[in-house]
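Following: one structure in structure tokens, then a few remarks.
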Amino acid sequence: MSCLRIFILLAWFVTALSLSADLPTALEPDKRVQSEGKGWRLEKSQVINSERPRILLIGDSILNGYARQVIKKLNGKAYIDMWVNPYHQSKNLNEVLERVLSQGPYDLVHFNVGLHGWQEGRIKKGTFIPLTRDYVKVIKSKCPKAKLIWANSTPVTEKNNVNSLDSEINPTIIEHNKMAKMVMGEMKVPINDFYGLLDKKRQLAKGDRFHWTRPAYDLLAEMVSSSILRELKQ
């Protein structure tokens with residue numbers, strides 16, 4: 001390995017450590033919606049070619065399921081960073097988001113916020129739309145040249161009965177998706193319909209209410225990868 005390559009790797013590693021120390025520790029106190037996979041984190045790609053587009057994927061543990069496939073599909077075409085987090089719409093989220101986006105500049109941000117905001121009291125009544133609008137404004141402010149894609153939240157099925165939707169949680173997911181769609185329409189942000197895609201494929205749910213099997217994540221990865229390539233060409 002050349003000295004230059006070693007230097008680049010060390011610089012990347014030090015930068016990643018610095019950022020990790022700067023971000024607050026992400027916690028999800030609700031044991032029903034814990035991370036599946038490596039956990040909450042910001043994972044940065046190693047940038048060698050500065051001419052290649054940089055992409056940031058934002059999401060919860062559903063992102064853990066499809067991110068690797070997206071990285072594989074876009075290998076040689078873009079650098080992919082991923083921020084897996086348990087946050088819901090709040091002023092605190094928007095503040096942390098600014099710090100994450102400072103690791104750019106990014107050419108495209110594919111983002112989702114949803115499965116950690118259905119619990120009563122987490123998002124105060126009447127604040128979902130303005131907080132979501134502010135979230136998009138933060139991205140546009142920190143990454144003014146970036147393309148944006150919103151992904152809505154996936155269905156929540158009954159535990160151990162994947163053919164039925166959870167009657168307690170899923171109605172809130174639907175309502176939040178509707179409000180987010182309104183904001184994205186207003187702010188001209190294209191949408192990846194994760195909900196619609198997997199609602200037709202409930203047999204691919206894992207049975208724990210929130211997570212999915214590999215074939216479902218492959219479907220999401222294909223949707224995400226195709227939409228990213230489409231937006232980058234425009």
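The values are calculated or read from the model by the stated rules, or taken from the named source; none is laboratory data. None of these values were measured; they are calculated from a predicted model. All Cβ positions, glycine included, derive from the backbone under ideal geometry; neighbour counts span all protein chains shown.
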Conditions: (1) touching a residue at least 60 places away in the same chain (Cβ under 8 Å); (2) exposed (fewer than 15 other Cβ atoms within 10 Å of the Cβ); (3) not charged (D, E, K, R). PHE194 meets all but one. Number of the miss? (2)
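Considering each residue of the range 158-178, count those that are in a helix (DSSP H, G or I) and either polar (S, T, N, Q) or more than 23 Å from ILE58 (Cβ to Cβ) (or both), and give that number. Show your work before the answer.
Just the residues of the range 158-178 that are in a helix (DSSP H, G or I), to begin with: 170-178.
Those left that are additionally either polar (S, T, N, Q) or more than 23 Å from ILE58 (Cβ to Cβ) (or both): 170-172, 177.
Qualifying residue count for the region: 4.
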Those residues of the range 60-83 that are modelled with pLDDT of 95 or more and of a type in the set (S, T, N, Q) come to a total of 2
In the range 32-59, the residues that are modelled with pLDDT of 90 or more, surrounded by 14 or more Cβ atoms within 10 Å (Cβ to Cβ), outside any strand (DSSP E or B) and in contact with a Leu (Cβ under 9 Å, 6 or more places away or on another chain): LYS44, PRO53
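Hey, can you tell me all the residues within the range 179-203 that are assigned to a helix (DSSP H, G or I), among the charged types (D, E, K, R) and under 18 Å from the mean Cα position of the chain (by Cα)? Let's see the steps before the verdict.
The initial filter retains those residues of the range 179-203 that are assigned to a helix (DSSP H, G or I), namely 179-186, 194-199, 202-203.
Retained after the next criterion (residues that are among the charged types (D, E, K, R)): 181, 186, 199, 202.
The answer is LYS181, and nothing else.
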Yes or no: the range 137-146 includes at least one residue that is at pLDDT 95 or above, part of a strand (DSSP E or B) and of a type in the set (Ser, Thr, Tyr). no
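Filtering the range 87-118 down to residues that are outside any helix (DSSP H, G or I) and of a type in the set (Val, Ile, Thr), which residue is modelled with the highest pLDDT? Before you say what the answer is, go through the steps one by one.
First, pick out the residues of the range 87-118 that are outside any helix (DSSP H, G or I): 87-90, 102-118.
With of a type in the set (Val, Ile, Thr) added as a condition, the list becomes 109, 113.
On the way: VAL109: 98, VAL113: 84.
The selected residue is VAL109.
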Going through the range 142-174 in order, the residues found to be surrounded by fewer than 14 Cβ atoms within 10 Å (Cβ to Cβ) and closer than 30 Å to TYR106 by Cα are PRO144, LYS145
Over the range 47-94, the set of residues small (Gly, Ala, Ser) and touching a Ser or Thr at 6+ places or on another chain (Cβ under 7 Å) is SER61
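I need the full set of residues from the range 119-136 which are charged (D, E, K, R) and not in a helix (DSSP H, G or I), in order please.
Taking the range 119-136 as the starting set, the residues that turn out to be charged (D, E, K, R) are 120, 122, 124-125, 133-134.
Selection gives GLU120, ARG122, LYS124, LYS125.
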Looking at the range 224-234 only, could you name the residues that are part of a helix (DSSP H, G or I), surrounded by fewer than 19 Cβ atoms within 10 Å (Cβ to Cβ) and not basic (Lys, Arg)? SER226, SER227, LEU229, GLU231, LEU232
Kindly indicate whether any position in the range 90-109 is touching a Leu at 6+ places or on another chain (Cβ under 6 Å), buried (at least 19 other Cβ atoms within 10 Å of the Cβ), in contact (Cβ under 8 Å) with a residue 12 or more places away in the chain and among the acidic types (Asp, Glu). no
